[in-house]
1. What lysines sit close enough to K183 to cross-link, taking a C-alpha to C-alpha distance under 18 Å and skipping anything fewer than 8 places away on the same chain?
2. Going by C-beta contacts inside 10 Å, put K382, K56 in order with the fewest on the left.
3. If you take every DSSP beta bridge fully contained in the chain, what fraction is antiparallel? Give it as a percent rounded to 5.
4. Quick one: W102, W125, fewest Cβ neighbours within 10 Å first, how do they rank?
5. Work out the P(r) tail for segment 168-254: percent of alpha carbon pairs separated by more than 20 Å, whole number.
6. How big is the C-alpha Rg of the chain next to the rule-of-thumb value 2.2 N^0.38 Å, as a ratio?
7. Could you give the size of the charge dipole of segment 191-283 about its Cα centre, using +1 on the Cβ of each K and R and -1 on the Cβ of each D and E, expressed in debye and rounded to the nearest 20?
8. Mind giving me the nanometre distance, one decimal, between the label points for K199 and S220, set 7 Å out from Cα along Cα→Cβ?
Amino acid sequence: MKTDYDCIIIGGGPSGSTVATLLADAGRKVLVLERTQFPRFHIGESLMPETYWVFKRLGMLPKMYASHFVRKHSVQFVSASGRESQPFYFEDMNPHECSVTWQVVRSEFDEMLLDNAAEHGAEVWENASATDVVFEPTETDDYPRATGVVVKRGDQPPVTLSAKVVIDATGLSSLIQRKLDLKRPDPNLHKAAYFAHYKGAQRDSGRDEGATLVLTTKTSDGWFWYIPLPDDIISVGVVGAIDRLTGRKAPPEQVLEEEIANCPALIPRLANATRVSQVHVLSDFSYRSKRCAGEGWVLVGDAFGFLDPMYSSGVFLALKSGELAADTINAAFDNNDFSAAALGKWGPSLADGMQSIRQLVYAFYTPGFSFGKFVREFPNFKRNIVELLIGDVFKPGVNDVFNPMQAQVKIPSFTPLEDPAGKVPAAVMQRV
Ligand SMILES: Cc1cc2nc3c(=O)[nH]c(=O)nc-3n(C[C@H](O)[C@H](O)[C@H](O)COP(=O)(O)OP(=O)(O)OC[C@H]3O[C@@H](n4cnc5c(N)ncnc54)[C@H](O)[C@@H]3O)c2cc1C
C-alpha cells in the first residue's frame, strides 16, 4: 500500500526534532507536525552534559557554540538550613569539552533544533495540530496498528495522512498514551511546579556564573531551581506536593511569592530582581508509558515518560530517546519489519537509564537524606553521582552507588516496560 510519508512525527520539540533529523538523514520521507508557531515558550532550560553527543550527531554543536546560551559547569545544592554543598563540577570528573553544557532559552533552542531538522530534509508544518492517530486492529499485537494521523492546519478542514510509522513526540500531551490508556503515574511523585523569569537577580561569577542551584525550602517541603539565562534573566521555579501548592487556591503569583519567602537562601538572590514573565503552573508530570512502541507507532521524549524536574534530565532523555528510536526505526525500514517488537527494541535501555535517575530523584525527596552528607560518608561514590548528574546513565558500574544508598532511601517499584505481547484491556480496543 502506498503511504503519504515513511514517518509522521507529531510534535516539534527536542524529541520530535531529533528523531526527524536522524530519519531524514537516512533518506526517509519525514513530516513533522507542530501545533504551535515557533518560537514559543517552553520550560526545561537547563541541559545535562551528555546532550553533547546527540548534538554532535545532529550537527548542532557549531550552532550551540555560536549561540548566546549560558555555559553550565556545575550543579550546587543548598539545604533547608542554607548550607551550600560543594558544587558538583562536571569537568572535574571528565575534563572534556562535553562536560560543559548550556542553560538555554527554550523558545530559541527548540526553534534551532526544528530548523535543523528541516535543513536535514524533514518537511515541517507549524500551526498543524494532530487531532487523532488512525489505528486499526491487528492480529499480531494486542495493541492496534497505527496507519496515519488526522491533521488540522489553521482554518482548513482536517485531512488524514498515512505513514508507515507514526512517532508521538507530543510532550506532556502524550496523545497515544492517553488514547491507548498506557499512562502510569509514578506512585509517590504527585508534584506541581510554579515558575517565572526574573531580571536583575544575583549571578555568581567565573565558572559558577552558569551553575544550576537547587535550593530546599526552609520547611523542606519544596525546592527551587535557579537557572541563569542570557540577558540577565534567571529562571526560578518551585516544586512541591500538588495538594500543598495548588490546594491553597491562591493566584499563581501569590503561591510563588509565598514559596520564595519560605526559602531564606533565595531571598537575597532575588532582592533586586523584577519578575518579567507570567507565573506558569504545571502539575502531575511524573509518569511513564507501559509501552514505548506498538505496530507502526513509537513514543519518544515526554510522550513516553517524564521523571521530575530535579536533575534537568528531561531534554537529555528527549534527545536520547529520539536518537535511540530513530536508529531502531531506520533498522525497521531496512528489515521491512514494523512490528511492536522491532520498533520497541530501544525501550528497555532507555527505561533502565530513566530508572537510575529516578532513584536519584527518590533519594533527594527522602526526608533526612542529603547528597553532601552521603558523599562525605562514601567519598568513593562521588564520581558515580556526578556521572549520573552528567547523564552518563548507561555507563557500566554507574549504578553501584545505589548499593550503599538503598540503606538510606526507599525506592517504590514502578510498572515495568510491557512486553509487546502483553494483553490489552478490551476498553482500549473499543476506543480505537
Ligand atoms: C516544571 C518542569 C521543569 C523542567 N525543567 C527542565 C530542565 O531544567 N531541564 C530539562 O532538561 N528538562 C526540564 N523539564 C523537562 C522538559 O521540559 C521536557 O522533558 C522536554 O521539553 C521534552 O521534550 P519533548 O520534545 O518530548 O516535548 P516538548 O518539548 O513538550 O515538545 C512537544 C511539542 O509537541 C507539540 N504538540 C503537542 N501536541 C501536539 C499535537 N496534537 N499536534 C502537533 N503538535 C503537538 C507541542 O506544541 C510541543 O511543541 C522540565 C519539565 C517540567 C515539567
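No value in this document is a laboratory result; all are computed from the given coordinates. Every value quoted in this text rests on a predicted model; they were computed, and no experiment measured them. Every residue, glycine as well, gets a Cβ built from its backbone with ideal geometry; the counts of neighbours run over all protein chains shown.
1. K191, K290, K423
2. Listed from fewest to most nearby Cβ atoms, that is K56, K382.
3. Numbers: 53 of 72 bridges.
Approximately 75 percent, going by the DSSP bridge assignments.
4. W125, W102
5. Cα-Cα pairs of segment 168-254 separated by over 20 Å account for 54 percent.
6. It is 0.97.
7. Dipole magnitude for segment 191-283 comes out near 160 debye.
8. Result for the modelled spin labels: 3.9 nm.
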